[in-house]
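Accompanying notes for the structure given below.
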């Protein structure tokens, strides 16, 4: 994505004289990522509006139908539509908080979406929003970030307006922001806003050779004296300094700790647990009146998604083959995860196939084992290892841990394992 934006920025100044290079860079952007289609579409809308505006002023509007730039954009539109058809989610595609495409594209508009739309810009350079807009959080707790975001948004728009690039920014950004706020996004997608903003300022430099500041900013800065003026200038450089600090912190965490669940793979190899039957945990959504899984410790009703096994997916790159008997049981040679939800009947059929394999010797992470084996004695399993995974994002580290369980027979057979205190399987 970064390369595609930089190519587009390099060819942007000559887009009207040599349009093919610019169109190819936008086509490349579309083929890289679904959000590339959104940004490229927004840039084409801006470009088309410039062309239409020119013909309207010249009172030769009909010439638009013979304009080669428009025909190239039409070809790009056909490509984008073909890609969208290819990548459009299936009816059973599972995404964050959505178990099918119908849920994904159904949304309700609220002031929270407006907040997220504005905050995406600052999220790329200055602030740290909640991990996901789906997380439960007190809106009041992000008011300071929102105030900062509004301030940055207004300043940015005024600078872009002064440099005649407000439409070049606001239309693609709005396409991205609205799609992200209303339908789908993850925290790392905000980095695309940062790269897109570089594209916009690159275009300003190409056109003007410099970035002009609004008169009110020049007056405000010139009225300052001494240390206060230096402080304001330092604050203006924060959007360039903060991302470097984020990268430094995340790099430190990546170097200091094992990547994700690497330690789990090493533990399995150390004790040759791959020679035994290993069951990996799967996604389960709790069904309760409170819908609060943290309050429920024992057996509870849940909705099963047996195809969703992120833990197994994270561990399998360290092995040549699929070591989990319940992972992709219908296509066991595949070691990637199908992001597919399952109906209750489909989940039941898959879980029954797991049950036919007999109870596991090893269980990765706490899961509802009695869902697969109703008559099993969960007290026959002991916890032998806890693995913590450190997932850095900006200045925050999301610590997650998993527990590895083995049967008492296997525990005694290996002889060198140590039992640890942990919640039992259920």
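Can you pull out every residue in segment 324-337 that is farther than 21 Å from residue 380 by Cα and more than 28 Å from the chain's Cα centre (by Cα)? Give the steps one after another, and end with the answer.
Restricting attention to segment 324-337, the residues satisfying the condition of being farther than 21 Å from residue 380 by Cα are 327-337.
Within segment 324-337, just 330 meets the criteria.
Of all the strands (runs of 3 or more DSSP E) wholly in segment 338-418, which have at least 1 residues that are more than 33 Å from the chain's Cα centre (by Cα)?
Counting at least 1 such residues, we get 381-393, 396-407.
Does any residue of segment 345-361 turn out to be touching a strand residue (DSSP E or B) at 6+ places or on another chain (Cβ under 6 Å) and under 20 Å from residue 266 (Cα atoms)?
The answer is yes, given that some residue of segment 345-361 is touching a strand residue (DSSP E or B) at 6+ places or on another chain (Cβ under 6 Å) and under 20 Å from residue 266 (Cα atoms).
Out of 217, 244, 204, I need the residue that is loosely packed, with under 11 Cβ neighbours inside 10 Å and not assigned by TED's automatic domain parsing to the domain that holds residue 15. Which one?
On inspection, the qualifying residue turns out to be 244.
Within the group 12, 22, 55, which residue is at pLDDT below 95 and surrounded by 12 or more Cβ atoms within 10 Å (Cβ to Cβ)?
55
Kindly evaluate residue 43 against the criterion of being in the same structural domain as residue 67 (by TED's automatic domain parsing), closer than 14 Å to residue 197 by Cα and under 25 Å from the mean Cα position of the chain (by Cα).
Answer is yes for this residue.
Based on this model, can you work out whether residue 291 counts as modelled with pLDDT of 95 or more and part of a loop (DSSP other than H, G, I, E, B)?
Judged against the criteria, residue 291 is not a match.
Can you tell which of 105, 61, 109 is under 19 Å from the mean Cα position of the chain (by Cα) and either more than 13 Å from residue 183 (Cα to Cα) or at pLDDT below 90 (or both)? Even if it seems obvious, please write down each step before you answer.
Values: 61 fails: under 19 Å from the mean Cα position of the chain (by Cα); 109 fails: under 19 Å from the mean Cα position of the chain (by Cα).
Being under 19 Å from the mean Cα position of the chain (by Cα) and either more than 13 Å from residue 183 (Cα to Cα) or at pLDDT below 90 (or both) holds for just one of 105, 61, 109, which is 105.
Test of understanding: among 269, 219, 229, which residue is touching a helix residue (DSSP H, G or I) at 6+ places or on another chain (Cβ under 8 Å), on the phi < 0 side of the Ramachandran plot and without any contact (Cβ under 8 Å) to a residue 40 or more places away in the chain?
Checking each option against the conditions leaves just 229.
Would you check if there is a residue in segment 167-174 being without any contact (Cβ under 8 Å) to a residue 40 or more places away in the chain and either part of a helix (DSSP H, G or I) or farther than 30 Å from residue 103 by Cα (or both)?
Yes, segment 167-174 has at least one match.
Within segment 143-158, take every residue that is in contact with a helix residue (DSSP H, G or I) (Cβ under 9 Å, 6 or more places away or on another chain) and under 16 Å from residue 177 (Cβ atoms) and give me the one that is surrounded by the most Cβ atoms within 10 Å (Cβ to Cβ).
149
The values are calculated or read from the model by the stated rules, or taken from the named source; none is laboratory data. Since the model is a prediction, treat every value here as computed from it, not as a measurement. Cβ: placed from backbone, ideal geometry, glycine included. Neighbour counts: every protein chain shown.
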